[in-house]
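What follows draws every value from the coordinates through simple rules; no lab data is involved. Everything numeric in this text was worked out from a predicted model, so none of it was measured. For neighbour counting, all protein chains shown are included, and Cβ atoms are generated from backbone atoms with ideal geometry for every residue, glycine included.
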2 protein chains.
Amino acid sequence: MPQGKPAVVPRDGLTTRQRRNRPLVVVHTGEMKGKSTAAFGLALRGWNQGWSIGVFQFVKSARWKVGEEAAFRALGRWHETTDEGGPVEWHKMGEGWSWSRKKGTEQDHATAALEGWREIARRLAGGRHTLYVLDEFTYPLKWGWIDVDEVVATLRDRPGHQHVVITGRDAPAALIDAADLVVEMTKVKHPMDGGQKGQRGIEW
Amino acid sequence: MPQGKPAVVPRDGLTTRQRRNRPLVVVHTGEMKGKSTAAFGLALRGWNQGWSIGVFQFVKSARWKVGEEAAFRALGRWHETTDEGGPVEWHKMGEGWSWSRKKGTEQDHATAALEGWREIARRLAGGRHTLYVLDEFTYPLKWGWIDVDEVVATLRDRPGHQHVVITGRDAPAALIDAADLVVEMTKVKHPMDGGQKGQRGIEW
């Protein structure tokens, strides 16, 4: 329920409209549920604005997150049929490196993740989408598979009006420094503490 | 990236399957963005399971949250056309009491909100939906328009397998006690701190 009132008005020479329309880097981090779901909820808003939405998942599993993927694929097809909303592309990056897959060495996985990031960097340079969701992208950064300074420079130099939302635990400090908006999802209470397991429709 | 491993296995006489499929009360609270977007992201997962989704918004404004509403209305129509996903109902409760509306006294607004809640209670008693999103529902609780003990009792006694997600700042302690899962969205960094105003596609 934000009121839309800035705490201070900066003396940056920008008009309110220019400031309002500044493209954002958003990070959802923390130990708790809600990082990815909030990113996809945000993407619903962008979809409704007619934005081109690009989703890039850096974790792959047979069943993981089929919910959001199916819904966004449906929204993409709805756009094609009715012209409502915007186009949606959904990519699983580095399909080879998920923990759920037995094949492939760690080096293969790291290379695949890096190739995935390079594709995103090309799209950012070309202004391909208006909103990018880089889901679980903090993990390949944390593991050193992708260089965080390269990511920060690419984000900083991206042209035009492109929003980027990055999710995952343990966001690197350099990424947090570079972000405009950072939310930490913190735990007050979780049913797994009481022995409950994850369930369909809630966890994926 | 939950691993689905419970920290302890409770001695409650339930099988893993029964425990897994227990219906949840989820609360998204805290000062930061992400409470509602994460609830709607969760609803995408439920939609994909074919669940009946009921959204009840307790804040109404001409432009507010049109993004999620348009997207879920599209998903509901997609379901009707293709039978993919589940049905969606979207209700604005107590349309009379929003701050954006000049007409009506506070008493009118409180009455409208209470009537909205009573309709939800009837649906819960009747097992109408599988997932309920009660968006911004903490505010009428906080303002004393709806009795939190009545809400907690209704949630506790709801029949069948109905999940309820409640969003908003300042969730009452009795609601947190009654919930299975509580996430607090906390601020690490927000562009409004630097004077930026809310923008289309991001804030609504």
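Annotations
- Length gained on full extension, B:T111 to B:K142, computed as 0.36 nm times the residue gap minus the Cα-Cα distance: 9.7 nm.
- Among A:L44, B:L134, the order by Cβ neighbours within 10 angstrom, fewest to most, reads B:L134, A:L44.
- Label-point separation, A:A173 to B:N21 (7 Å along Cα→Cβ), nm: 4.9
- Globularity ratio of region A:21-185, using Cα Rg and 2.2 N^0.38 Å: 0.99
- Ranked B:K197, A:K33, criterion: other C-beta atoms within 10 Å, fewest first: B:K197, A:K33
- Distance between the pseudo-spin-label points of B:K187 and B:E84 (7 Å out from Cα toward the beta carbon): 3.9 nm.
- Which of B:E115, A:E69, A:E184 has the fewest Cβ neighbours within 10 Å, and the rest in rising order: B:E115, A:E69, A:E184
- Estimated translational D of region A:105-174 in µm²/s (Stokes, Kirkwood radius over Cα pairs; 25 °C; 0.890 mPa s): 197
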